[in-house]
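Please treat every number below as a calculation from the coordinates, not as lab data. Treat the numbers as computed from the prediction; the structure is a model and nothing was measured. So basically every Cβ, Gly included, is an ideal-geometry build from the backbone, and we count neighbours across all protein chains shown.
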Amino acid sequence: MATTLFDQTRLGDLTLSSRLVMAPLTRTRAGADGVPSPIMETYYAQRSTAGLIIAEGTTPNPVGQTYPGIPGIHSAAQIAGWRRVTGAVAAPMFLQLQHGGRNGHPATSGLTPVAPSPIPLPGTIFTRQGHQPSVTPRELSPVEIASTVADFANAARNAAEAGFAGVEAHAANGHLLHQFLSENTNHRTDGYGGPVSNRIRFAVEVVRALAEAIGPERVGLRISPRNTVNGIAEGDTAPIYRALVGELAGDGLAYLHIVFAEPEDVLFHEIRAAWPGVLMANPKLPGTLPEDGGRREGERLLDAGADLIALGRAFISNPDLVDRFRLGAPLNPLRDGNFMYTGGESGYTDYPALATVAG
């Protein structure tokens, strides 16, 4: 019998009610101190039909902050805030750990951003004072790299204390781990730069530190081969990910998460063949969300070898997305405008569920 999106499955010690995962989605609803707000409890609780929820990118230390409203997991207040969120949600949750690297700004964090090399993000970046020109980041020293790895490990322990079932290391979308992987953002000449074997070193150290902190079965890794967001140009994509996946394949991690996956992509199939554990795929979708919310592309990726399917935008407008898929019910359209980052309930917790519509 063919695998379906609605099949129950295992992820480490967890039993997932379906193979549908809510992808991590930055929504900038945390307080100025990085503490999750009460409205975030409602937002995630509404989406508890997901087999697994991966909570939004959350900073492991203050300098890792990207934009205003990004949550953290490095203070007691932040841990307590996230504990209220996990306590409100019925589905198992992982927390994505995201260090922005050069994608930060002193106007937001109060700190000069750090990166593998002093190469600024092209263009401007959104700050508490609006869009401002990006700044040249400070190159991390080897000692600071070790300290950053330790911050990730501590963030994983904090996430476990906050009630998360696990964490996801964000090595995608042009953030710090991805900056180390990519040729155009990593010009180092030490053991963290140059050949691919050196450029994957930081990501490997972070993942293994997370695994040592809370157990490998509670750690996922997110990658986005060929993704050029935030000024990234990898240069040698296939060798990077062959090496990274090959190095971590025997570590017993919870999952590997590929962003913008395509079932016809040769590299996707190479990664599937090389990865012995759970493979999560986030399908590549057009700029306008399709009427089926990405369901068809998700099913094609299951057929191509993925184990879990992560959807993002469809979960924004459909808090009960899994139920709608099961019933073949129509989906709420995604609203136009800057719906993701405006703050407050609009475009966040006010999308109706089927029961509300029926009532």
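Shown here: the chain, whose C-alpha atoms stretch 61, 45, 36 Å along the first, second and third principal axes, sorted largest to smallest. For the residue pair R226 and T9, what label-to-label distance in nm results when each label sits 7 Å from Cα along the Cα-to-beta-carbon direction? The modelled label-to-label distance comes out at 2.2 nm.
Here the extension length gained between T112 and D292 equals 60.5 nm, from 0.36 nm per residue of separation less the Cα-Cα distance.
Need the C-alpha centroid separation for the range 117-145 versus the range 162-232, integer Å. So the two Cα centres are separated by 18 Å.
The residues T288, T86, T58, T342, when put in order of fewest to most other Cβ atoms within 10 Å, stand as T288, T342, T86, T58. Relative contact order for the chain: 16 percent, from Cα pairs under 8 Å spaced at least 6 residues apart, divided by residue count. Among I119, I125, the ranking by other beta carbons within 10 Å of each residue's beta carbon, starting with the fewest, stands as I119, I125.
Note that the range 39-142 shows a convex hull volume over its alpha carbon atoms of 122 Å³ per residue. Between A238 and R138, the contour length at 0.36 nm per residue exceeds the Cα-Cα span by 33.1 nm. Listed by Cβ neighbour count within 10 Å, with the fewest neighbours leading, D151, D251 appear as D251, D151.
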